[in-house]
Amino acid sequence: MKRGETLRQSRLTPFRDGDFHHGLLMFPALMNDPLVFPSLLDRVKAQAQDLAWRPFRPGVDIVTLYGVIGETRAAALLRYQPGAVIPRHDHAGLEHILVLQGSQQDDHATYPEGTLSVRGSGTSHEVRSAEGCVVLALWDAPVTFLTSENGAE
């Protein structure tokens, strides 16, 4: 988009529900134009139950926005049930987490709605949500889980 140009005036194609196939956003391997998700926050708040959620970890569901989780650069919405935990994992690259609803905790702090946290390459943490939450997660490299699902090393 050019400076001062609105989404409707630009040649960008906004995200539509029909763009999903089995919860994955379909797009060409080589993109010349950016993916655009207008009103994502409003949609998550108003229609979260209607998204194509699938199980990710016990108590955590996922909607992949692009990429292949655990294999490539990727982005996803994660929905934590109250008390859900993502086991400790290492970051091979950057991880950006934007809390869209509720709050999320890790070894360092509690992150309320609206908080953006960024983890660097070589960091690790366990993530949980006491009250439940929905987050937007962006990974520029896959993560490696350090414990199994049941917490054993």
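The values are calculated or read from the model by the stated rules, or taken from the named source; none is laboratory data. If you're wondering where the values come from, they're calculated on a predicted model, not measured in any experiment. Positions of Cβ are generated from backbone atoms using ideal geometry, with glycine treated the same way; all protein chains shown enter the neighbour counts.
With the structure loaded, tell me whether A52 is out of contact with any Lys or Arg (no Cβ under 8 Å at 6 or more places or on another chain), small (G, A, S), in a loop (DSSP other than H, G, I, E, B) and over 14 Å from A130 (Cα atoms) or whether it fails that test.
Working: out of contact with any Lys or Arg (no Cβ under 8 Å at 6 or more places or on another chain): yes; small (G, A, S): yes; in a loop (DSSP other than H, G, I, E, B): yes; over 14 Å from A130 (Cα atoms): yes.
The answer is yes for A52.
Taking the stretch 94-118 as the search range and keeping residues that are surrounded by fewer than 15 Cβ atoms within 10 Å (Cβ to Cβ) and not polar (S, T, N, Q), which one is nearest to R43 (Cα to Cα)?
Looking at residues that are surrounded by fewer than 15 Cβ atoms within 10 Å (Cβ to Cβ) and not polar (S, T, N, Q), I get G114.
Could you grab me the full set of residues in the stretch 58-88 that are in contact with a Leu (Cβ under 7 Å, 6 or more places away or on another chain), of a type outside the set (A, V, I, L, M, F, W, C) and buried (at least 19 other Cβ atoms within 10 Å of the Cβ)?
T64
For the subset of the stretch 127-146 comprising residues that are modelled with pLDDT under 95 and more than 14 Å from the chain's Cα centre (by Cα), which member is farthest from I97 (Cα to Cα)?
Only one residue fits best here, namely L146.
Being small (G, A, S) and under 17 Å from L136 (Cβ atoms) narrows it down to one of G83, G70, G102, so name that one.
Numbers: G83 fails: under 17 Å from L136 (Cβ atoms); G70 fails: under 17 Å from L136 (Cβ atoms).
Answer to the selection: G102.
Filter the stretch 23-51 down to the residues that are modelled with pLDDT of 75 or more and surrounded by fewer than 15 Cβ atoms within 10 Å (Cβ to Cβ), then identify the one that is farthest from I86 (Cα to Cα).
S39
Tell me whether the stretch 105-113 contains one or more residues that are in contact (Cβ under 8 Å) with a residue 24 or more places away in the chain and under 21 Å from L35 (Cβ atoms). Reasoning before the result, please.
Initial filter on the stretch 105-113 (in contact (Cβ under 8 Å) with a residue 24 or more places away in the chain): 105.
With under 21 Å from L35 (Cβ atoms) added as a condition, the list becomes none.
No, the stretch 105-113 contains no residue that is in contact (Cβ under 8 Å) with a residue 24 or more places away in the chain and under 21 Å from L35 (Cβ atoms).
Return yes when V134 is without any contact (Cβ under 8 Å) to a residue 60 or more places away in the chain and in contact with a strand residue (DSSP E or B) (Cβ under 6 Å, 6 or more places away or on another chain) and no when it is not. Spell out the reasoning first.
On the way: without any contact (Cβ under 8 Å) to a residue 60 or more places away in the chain: no; in contact with a strand residue (DSSP E or B) (Cβ under 6 Å, 6 or more places away or on another chain): yes.
Criteria not met by V134.
Looking at the structure I just gave you, is D61 of a type in the set (D, E, K, R) and more than 21 Å from L41 (Cα to Cα)? Walk me through how you get there before you give the answer.
Details: of a type in the set (D, E, K, R): yes; more than 21 Å from L41 (Cα to Cα): no.
No.
Which of the residues that make up the stretch 78-118 are assigned to a strand (DSSP E or B), among the polar types (S, T, N, Q) and closer than 24 Å to A52 by Cα? Outline the logic, then answer.
So the first thing to find is which residues in the stretch 78-118 are assigned to a strand (DSSP E or B), and the list is 78-80, 84-91, 95-105, 110-112, 116-118.
Then drop every residue that is not among the polar types (S, T, N, Q), which leaves 101, 103-105, 110, 117.
Answer for the stretch 78-118, where residues must be assigned to a strand (DSSP E or B), among the polar types (S, T, N, Q) and closer than 24 Å to A52 by Cα: Q101, S103, Q104.
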